[in-house]
Structure formats: structure tokens, C-alpha cells
Amino acid sequence: MAKVTLPDGSTLEVSDGTTAKQLAQQIGPGLAKAAVAAKVNGELVDLSKPLDGETAVQIITIKDDEGLEIMRHSCAHIMAEAICSIWPGTKLVYGPTVEDGFYYDIDLDEPIRPVDFERIEEKMREIIKADELFVRKEMTKAEALEKLAGDKYKTDNIKHTDSDVISFYSHGDGFEDLCRGPHVPSTGKVGSFKIRSVAGAYWHGDPTQKMLQRVYGTAWPTQKELDDYLRRLAEAKKRDHRVLGKQLDLFSFNEAGPGFAFIHSKGMIIWNAIVDFWRGVHDKYGYGEISTPIILNEQLWHKSGHWDNYKENMYFTTVDDVGYAIKPMNCPGLCLIYKTGQHSYREFPMRVAELGLVHRHEASGVMHGLFRVRQFTQDDAHIFCSPGQIESEIIGVIELTFEIYKAFGFEDFGIELSTKPIKHIGSDEIWETATNALKDALAHKRIEYKINEGDGAFYGPKIDFHIRDCLKRSWQLGTIQLDFSMPQRFGLVYTDKDNTEKTPVMIHRAVLGSFERFIGILIEHYGGSFPLWLSPEQVRVLPISEKSNDYGKIIKNRLKDAPLRCSCDFSNEKIGAKIAKAHGEKLPYMLVVGPKEAQSNSVNVRIRGVKENKTVEIDEFLRMAKSKIADKKIDLAF
């Protein structure tokens with residue numbers, strides 16, 4: 001008999017060889033109907049997996065994140081079969097899941113165009129309606145290589161896997177593909193789907209290789225969820241920060257410097273408002289601010305470990321026949337500042353922040369507006385502390401991070417703990433100590449998190465913060481990285497209570513990450529309609545005619561003295577046109593003034609996005625506006 005432990009801690013005894021699907025049926029018919037896969041001893045498997053011995057089993061349904069991802073991967077296989085059916089000469093490369101969907105890279109000389117999507121989708125619907133079983137077949141690596149001899153894409157995939165057991169999945173009339181799995185039990189388990197786009201993609205991202213076609217799709221449990229997702233996509237298109245950035249005169253790019261953003265004066269107003277807020281919060285939490293050079297000697301990057309682990313992303317130059325590198329990260333410069341003096345445990349924790357300008361070489365194909373650039377300013381900070389202070393310092397960083405995010409209206413967070421990557425520095429013992437320290441801090445704050453195996457920085461494990469915007473898109477922003485290795489590499493020491501020299505612990509952390517990227521996120525999150533405290537122009541005075549211009553000047557001066565960022569439209573346009581222009585520029589407040597307002601020392605307030613207007617005394621408006629700015633209010637109503 002096999003002893004099965006369920007997620008709630010209860011146990012069941014079943015016959016050896018009982019499948020996960022049969023277990024689900026034994027638990028209940030509702031669960032069996034909803035099941036798409038299982039997790040056995042932490043490993044995702046097909047429902048056809050036999051259970052033996054003592055096992056911990058969780059039945060996975062489409063409501064689970066893992067179940068949704070499995071369903072989407074199965075939909076990718078269905079799309080691949082449909083494409084192969086329509087274009088028999090298609091060579092499949094690989095088809096992973098991505099956030100909200102999947103893609104398949106294919107080698108096909110005939111281009112797939114958007115007009116072909118309906119043909120592919122119709123064939124996919126036929127396959128799903130047929131409810132064909134997904135069948136797994138396993139063989140040795142040698143057998144798989146023999147089976148796929150002549151298929152350079154699949155043999156390459158096999159050679160790059162560490163497993164000695166290679167699996168294939170088939171469904172329907174002879175369709176089969178190399179795949180780790182698992183998959184849903186049958187094609188009928190796939191919900192509503194849509195092919196979204198097709199793009200070019202080089203094999204392994206190598207521009208010397210043949211250009212493949214990458215077909216993107218999405219899949220959701222129900223048609224309603226798919227429709228909601230497509231609506232959000234349409235809304236995201238309207239909020240594209242590249243379009244709004246040009247429309248609102250915030251930033252631009254130029255072929256003179258691909259991947260290097262030009263921030264315009266209005267964009268700098270937003271930038272500086274964020275910096276001022278950032279500095280205030282960091283002062284509150286006890287951080288000092290520094291600045292380190294952009295270009296540093298090549299030997300420094302050997303010492304820090306970046307040369308061996310990051311040089312493909314760095315820019316290099318030569319000065320006086322000596323090799324230099326433009327910094328991709330700020331931490332080595334801080335280490336040099338630390339070494340300029342002697343330090344005692346009494347100085348710890350030592351919290352140091354830097355708005356550091358860094359450069360990273362990004363491939364031209366991955367750059368995307370402000371989201372992926374080659375030069376950016378990182379809101380970097382580092383903490384030197386003793387081992388006993390790690391947990392309290394991590395907790396402090398978490399609290400600071402949440403405080404900053406909430407000021408921008410982000411309150412939906414996701415936390416990931418990323419562990420040791422294959423390419424790393426430092427001993428396994430150091431990595432285990434560092435990882436456990438991060439886990440303890442998260443446990444203390446009672447924060448739920450996901451483990452992201454193997455995705456830590458090369459020098460230490462990390463906590464990553466993901467925020468969701470108004471369209472429910474997830475953005476990775478902040479990070480906390482624990483580092484025992486770099487202080488050792490740089491010979492950093494402090495004098496402890498027992499008068500001996502010890503190596504400090506170094507905590508790397510960023511809250512907003514790249515300022516450029518964060519501003520791009522804000523543009524799309526707000527749709528260009530910034531809250532009052534961030535708006536480049538907060539108020540515009542609109543005289544209804546030339547006769548009211550003098551009163552308009554008085555109001556403008558009152559606003560400037562407040563101080564508020566404002567202007568007055570003295571043009572000869574009719575008041576309706578002035579209002580429409582101000583709305584088009586997404587201004588928070590428009591103050592219409594005429595003879596009535598001048599007589600009562602008031603203003604007629606029009607609020608962005610609100611049809612109704614309200615007449616108030618100018619002093620009341622100023623009190624309200626200053627209060628909203630001080631409190632970082634998102635809402636404009638009063």
C-alpha cells in the first residue's frame with residue numbers, strides 16, 4: 001500500500017500503482033473533474049503518474065497558478081499541431097509558457113501573417129473538441145538522439161538537458177513533440193484561447209543564426225477571463241508610455257544614442273519629485289547619500305567578480321593605456337569608500353544610498369522605450385552590518401519599500417526569494433547562511449513568498465518585490481540581496497566588541513530599480529494622468545476672455561507663491577477650446593475665472609476626468625491642493 005499525505009496534513013492509504021487521477025477521484029468527484037496535474041513530493045507530474053510508497057501529493061487544478069501554466073503549455077502544443085497541420089513543412093523549435101500565455105518558435109519559410117490566425121484557431125478548436133489524450137513516452141538520451149537524428153533543433157534541446165531520461169508527448173493523430181511536461185490529461189481541458197501576434201526571433205537569440213517565427217498566444221480558463229485580458233491589452237496599448245511620453249513631452253530617444261533616454265524638462269519635473277520624496281524617506285530611515293565615479297579601473301571589476309560573471313553586459317574603454325570599465329553596478333565604488341577609514345561595530349548598521357548612473361550593454365532587439373535601456377539611474381543602497389543585525393535590517397528595508405510603493409498607489413505586492421544560481425561566487429555554506437537569513441526576516445514579517453530556484457545574484461540570494469499596476473500586470477521593482485562574498489573580496493573589516501577584526505555583512509538593495517523604467521511604469525499605470533504631487537503642471541488658470549486676464553494673473557501668482565506648478569492660458573481661444581486643450585494635456589486642475597470669480601475672489605474648479613465643476617474661494621483651493629500634495633493623495637476630488 002502507498003501512504004499519501006495531502007496538503008491539509010491528512011493521510012490516505014491507496015494501492016501501490018494508484019495514479020494521481022485515481023487519487024483525485026477517491027478524494028471527490030468535483031476535484032477529479034477539476035484536476036489537471038499533480039504535485040508529488042514537490043514535483044509537478046501528469047495525473048497518470050503512479051503513486052508508490054510514502055508520498056506527499058497535491059492535486060493541481062486550473063485555479064492554481066501551476067495548473068494555469070500547465071494548461072497554457074498544453075495549448076502551445078495544440079497550436080503547434082494546428083500549425084504543422086496547415087503547413088506540413090514546419091519544424092518545431094521550442095514552445096515555453098510566458099506571463100499570461102505562451103509562444104512557439106518555428107522554422108517555416110512561408111511567413112505566418114495575422115490573417116492566418118483564424119485558420120490556426122479553427123484547427124485548434126477542432127483538436128480541443130476532439131478531447132485527445134496527452135500521452136507521455138520516456139526513453140534514454142541516446143535513444144532520443146537516435147530518434148531525432150537530423151532534427152538540429154530537437155537534438156540541440158536534448159544535448160542541453162541534464163536529465164538522462166527524455167520524454168515525449170503525443171496527442172491525436174500522430175502529433176508528437178519533445179517535452180518535459182506535465183500536460184493536462186486531454187486537449188479538452190484547455191479553456192479559451194487567442195493567438196496574439198507573430199514576430200521574428202533568432203535561434204538562441206544569436207543573430208548569426210536563422211531567423212525563426214515566434215507565434216504568441218494566450219489561454220484562460222473561461223471566455224470571460226480571456227475577454228477581460230484582451231480588454232486590458234487594449235487599454236495597455238492606449239497607455240503605451242512611448243506614445244504618451246511623446247504626447248506629453250516627457251522624454252525621447254535618438255539614433256545618436258540607441259537605448260539612451262533623453263529626459264525633457266517636464267519629465268525632469270516628475271523625476272525630481274520622485275527623487276525629493278525618495279531622499280526624504282531615506283533620511284527618515286537613517287541613510288547617508290554618496291556618489292561614486294562612472295568609470296573605474298578594470299582590475300576593480302576583477303576583484304568584485306563582475307568581470308567573470310557580468311562582462312558581456314559591460315562597456316569598456318582605455319585611459320592612458322590602462323583598461324577601464326563603465327560601471328554596470330554601484331557596489332564596488334561603495335566598497336572603496338568604506339576602505340578609506342577604519343570602522344567599529346558601533347557604527348553599524350551603516351546605511352548608504354546612491355542614485356547611481358550605470359550602463360549595461362543590452363542587445364538592440366530587447367530594448368523597449370524606458371523599460372529596457374542601456375543607461376539608467378538606479379536607486380541603489382547598501383547596508384553594512386554585523387551578522388546579528390541582518391534580520392532587523394532586512395525588516396527595515398521591507399518596511400521602507402512598502403512605504404515608498406504605497407505613496408505611488410501600489411498596494412498589491414508579490415514577493416519572491418531567489419536562491420543560488422549555477423554561476424555564483426562564495427561557498428555553499430555562505431549561501432545557505434544568507435538564504436536562511438532572508439527566510440527568517442520574511443517569516444518575522446509574516447510575508448508570504450514564492451521560491452525562485454536558481455535566480456539569485458551571482459554573489460548572493462535575494463528578495464524581489466513585484467507590484468501589480470491598474471491593469472493587473474506584474475512588474476519586478478525592488479530587490480534585497482544579501483552578500484557575504486564581496487566584503488571578503490575587498491578585504492572590508494570592522495573592529496568588533498572583542499577588539500578583533502571581522503568581515504561585515506553587505507546588503508544590496510534597490511526599491512524603484514531603474515528610475516527610467518519606473519517612470520515608464522508610472523506613465524502606463526496612471527495613463528499619463530499623474531497624481532497632483534507628480535504632475536509636471538499641476539494647475540492651469542483659464543480666463544474666459546481677455547477682460548479676465550488681470551484676475552487670471554492674480555490667481556496665477558497666488559498659485560506660484562503656494563507654491564504650485566502652474567500656468568495661465570492667455571490665448572484668444574474660446575474657453576471651451578482652452579478646457580479641451582488642458583484636458584488633452586491631462587492636467588489635474590483647471591481654474592476657470594471670469595467676472596463672477598473676480599468679484600468673489602474665487603475660482604471655478606474643473607477636475608481632470610470629472611464632468612462636474614465647483615466654485616470655491618481661492619484660499620480653500622490652495623489649502624486642499626497643498627494638503628493633497630503633502631499627503632501624496634492619488635484622488636483629485638475634494
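Out of E132, E69, E143, I need the residue that is of a type in the set (D, E), farther than 29 Å from L233 by Cβ, out of contact with any helix residue (DSSP H, G or I) (no Cβ under 9 Å at 6 or more places or on another chain) and in contact (Cβ under 8 Å) with a residue 12 or more places away in the chain. Which one?
Among E132, E69, E143, only E143 is of a type in the set (D, E), farther than 29 Å from L233 by Cβ, out of contact with any helix residue (DSSP H, G or I) (no Cβ under 9 Å at 6 or more places or on another chain) and in contact (Cβ under 8 Å) with a residue 12 or more places away in the chain.
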Checklist entry - Can you name the helices (runs of 4 or more DSSP H) wholly within the stretch 306-412 that have at least 1 residues being under 26 Å from the mean Cα position of the chain (by Cα) and at pLDDT 95 or above? => result 390-407
Checklist outcome for this item: When every residue in the stretch 146-159 that is without any contact (Cβ under 8 Å) to a residue 60 or more places away in the chain and of a type in the set (D, E) is compared, the one surrounded by the fewest Cβ atoms within 10 Å (Cβ to Cβ) is E146
Next on the checklist: If I62 meets every condition in (1) modelled with pLDDT of 95 or more; (2) under 23 Å from R196 (Cβ atoms) apart from one, which number is that one?
Outcome noted: (1)
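Return a yes/no flag: does the stretch 192-199 have any residue that is surrounded by fewer than 16 Cβ atoms within 10 Å (Cβ to Cβ) and touching a Ser or Thr at 6+ places or on another chain (Cβ under 9 Å). Write out each step before concluding.
Going residue by residue through the stretch 192-199, those that are surrounded by fewer than 16 Cβ atoms within 10 Å (Cβ to Cβ) are 197, 199.
If we keep only those that are touching a Ser or Thr at 6+ places or on another chain (Cβ under 9 Å) too, we end up with none.
No - not one qualifying residue is present in the stretch 192-199.
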Item to check | Selection within the stretch 358-393 - closer than 19 Å to F316 by Cβ and not aliphatic (A, V, I, L, M) | outcome: H359, R360, H361, E362, S364, R374, Q375, F376
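In the stretch 495-514, what residues are more than 18 Å from S392 (Cα to Cα) and out of contact with any Lys or Arg (no Cβ under 6 Å at 6 or more places or on another chain)?
The initial filter retains those residues of the stretch 495-514 that are more than 18 Å from S392 (Cα to Cα), namely 495-503, 512-514.
Selection gives T495, K497, D498, N499, T500, E501, K502, T503, L512, G513, S514.
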Checklist entry - Which of the residues that make up the stretch 254-275 are out of contact with any Ser or Thr (no Cβ under 9 Å at 6 or more places or on another chain) and part of a loop (DSSP other than H, G, I, E, B)? => result N254, E255, A256, G257, F260
Next on the checklist: Among the residues in the stretch 205-222, are any among the β-branched types (V, I, T) and within 25 Å of A34 (Cβ to Cβ)?
Outcome noted: yes
Checklist outcome for this item: Taking the stretch 377-407 and keeping residues among the hydrophobic types (A, V, I, L, M, F, W, C), buried (at least 18 other Cβ atoms within 10 Å of the Cβ) and in contact with a His (Cβ under 8 Å, 6 or more places away or on another chain) leaves A381, F384, L400
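So which of G200, G259, G205 ends up being farther than 29 Å from T401 by Cβ, touching a residue at least 60 places away in the same chain (Cβ under 8 Å) and not β-branched (V, I, T)?
Numbers: G200 fails: touching a residue at least 60 places away in the same chain (Cβ under 8 Å); G259 fails: farther than 29 Å from T401 by Cβ.
One residue alone meets the criteria, G205.
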Checklist entry - Within the stretch 160-175, can you find the residues that are modelled with pLDDT of 95 or more, surrounded by fewer than 18 Cβ atoms within 10 Å (Cβ to Cβ) and closer than 20 Å to S85 by Cβ? => result none
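Output the number of residues of the stretch 590-604 satisfying the condition of being more than 38 Å from the chain's Cα centre (by Cα) and either surrounded by 14 or more Cβ atoms within 10 Å (Cβ to Cβ) or under 20 Å from P531 (Cα atoms) (or both).
Within the stretch 590-604, the first condition is being more than 38 Å from the chain's Cα centre (by Cα), and the residues that meet it are 591-604.
Keeping just the survivors that are either surrounded by 14 or more Cβ atoms within 10 Å (Cβ to Cβ) or under 20 Å from P531 (Cα atoms) (or both) gives 591-594, 597-598, 602-604.
Final tally of qualifying residues: 9.
Here's a check for you: in the stretch 276-299, which residue that is in contact with a helix residue (DSSP H, G or I) (Cβ under 8 Å, 6 or more places away or on another chain) and either assigned to a helix (DSSP H, G or I) or β-branched (V, I, T) (or both) is nearest to D320 (Cα to Cα)?
Pass one, the stretch 276-299, residues in contact with a helix residue (DSSP H, G or I) (Cβ under 8 Å, 6 or more places away or on another chain): 277-278, 281-282, 285, 289-290, 292-293, 296, 298.
Now narrow it down to the ones that are either assigned to a helix (DSSP H, G or I) or β-branched (V, I, T) (or both): 277-278, 281-282, 290, 292, 298.
On the way: F277: 41, W278: 38, V281: 42, H282: 39, I290: 27, T292: 21, E298: 13 Å.
Among those residues, the one meeting the criterion is E298.
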Next on the checklist: Could you go through the stretch 242-253 and let me know if any residue there is hydrophobic (A, V, I, L, M, F, W, C), part of a strand (DSSP E or B) and at pLDDT 95 or above.
Outcome noted: yes
Checklist entry - Does the stretch 98-110 include one or more residues that are in contact with a helix residue (DSSP H, G or I) (Cβ under 7 Å, 6 or more places away or on another chain), in the same structural domain as Y216 (by TED's automatic domain parsing) and either among the hydroxyl-bearing types (S, T, Y) or free of Cβ contacts under 8 Å to residues at least 60 places away in the same chain (or both)? => result yes
Next on the checklist: Please go through the stretch 464-500 and give me each residue that is within 14 Å of I383 (Cβ to Cβ), more than 27 Å from the chain's Cα centre (by Cα) and in a strand (DSSP E or B), ordered by number.
Outcome noted: Y494
Checklist outcome for this item: D105 meets each of (1) surrounded by 17 or more Cβ atoms within 10 Å (Cβ to Cβ); (2) of a type outside the set (K, R); (3) within 22 Å of K49 (Cα to Cα) with one exception, condition (3)
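Grab the strands (runs of 3 or more DSSP E) fully contained in the stretch 1-109, keeping just those with 1 or more residues being more than 27 Å from I158 (Cα to Cα).
Numbers: elements: 2-5, 11-14, 35-40, 43-45, 54-61, 91-94, 101-107.
Ranges flagged: 2-5, 11-14, 35-40, 54-61.
The values are calculated or read from the model by the stated rules, or taken from the named source; none is laboratory data. No experiment lies behind these values; they were computed from the predicted model shown. Quick reminder, even Gly has a Cβ in these numbers, built from the backbone with ideal geometry, and neighbours come from all protein chains shown.
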